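To start, the structure itself, in structure tokens.
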Amino acid sequence: MEMIKVVNGPISVLQLKGRFDAHEVEPVNAWLQEQVNQGRVKVVVNLEGVNFIDSTALSVLVRGMKNCREKSGNLNLCSLQQPVRVIFELTRLDKAFGIYASETEAGKAF
């Protein structure tokens, strides 16, 4: 999996490409924790390039969202491909996360 990290003013953006599964979660988890530790709690995760996500990856995103919210921030998602969107709908996590069509919309939602 490829990770592209961008800091855009007060917003941290992580773009992921490839499979987001148990074998790939540690770098994402470490990056999310680093952002929270630095007080950067407005985070956008762009899943446009992700074609598969498993339960371990979902749990990393949920933990990241919870950590951001505990510090008065949030974690928004954007650009979900249909197979990934279906997983969020089946697990009802689409109700917990802010899910947006683009990075711009996700950033404006803060």
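Can you tell me which residue in the stretch 21-41 is surrounded by the fewest Cβ atoms within 10 Å (Cβ to Cβ), limited to those that are of a type in the set (Asp, Glu) and assigned to a loop (DSSP other than H, G, I, E, B)?
Ranking the qualifying residues of the stretch 21-41, first place goes to Asp21.
Considering Val50, Val44, which residue is assigned to a strand (DSSP E or B) and in contact (Cβ under 8 Å) with a residue 60 or more places away in the chain?
Val44
Taking Asn8 as the residue in question, decide whether it is in contact (Cβ under 8 Å) with a residue 12 or more places away in the chain, of a type outside the set (D, E, K, R) and open to solvent by 20 Å² or more (accessible area, probe 1.4 Å).
It is true that Asn8 is in contact (Cβ under 8 Å) with a residue 12 or more places away in the chain, of a type outside the set (D, E, K, R) and open to solvent by 20 Å² or more (accessible area, probe 1.4 Å).
Restricting attention to the stretch 64-110, which residues are of a type in the set (Val, Ile, Thr) and without any contact (Cβ under 8 Å) to a residue 12 or more places away in the chain?
If the condition is that a residue be of a type in the set (Val, Ile, Thr) and without any contact (Cβ under 8 Å) to a residue 12 or more places away in the chain, then Val86, Thr104 are the ones that fit.
The values are calculated or read from the model by the stated rules, or taken from the named source; none is laboratory data. Remember, it's a predicted structure, so these values are computed and weren't measured experimentally. Cβ atoms come from the backbone with ideal geometry, glycine included; neighbour counts cover every protein chain shown. Just so you know, the surface numbers come from the protein's heavy atoms only, side chains and all, with ligands and any DNA or RNA stripped out. Shrake-Rupley method; radii C 1.70, N 1.55, O 1.52, S 1.80 Å.
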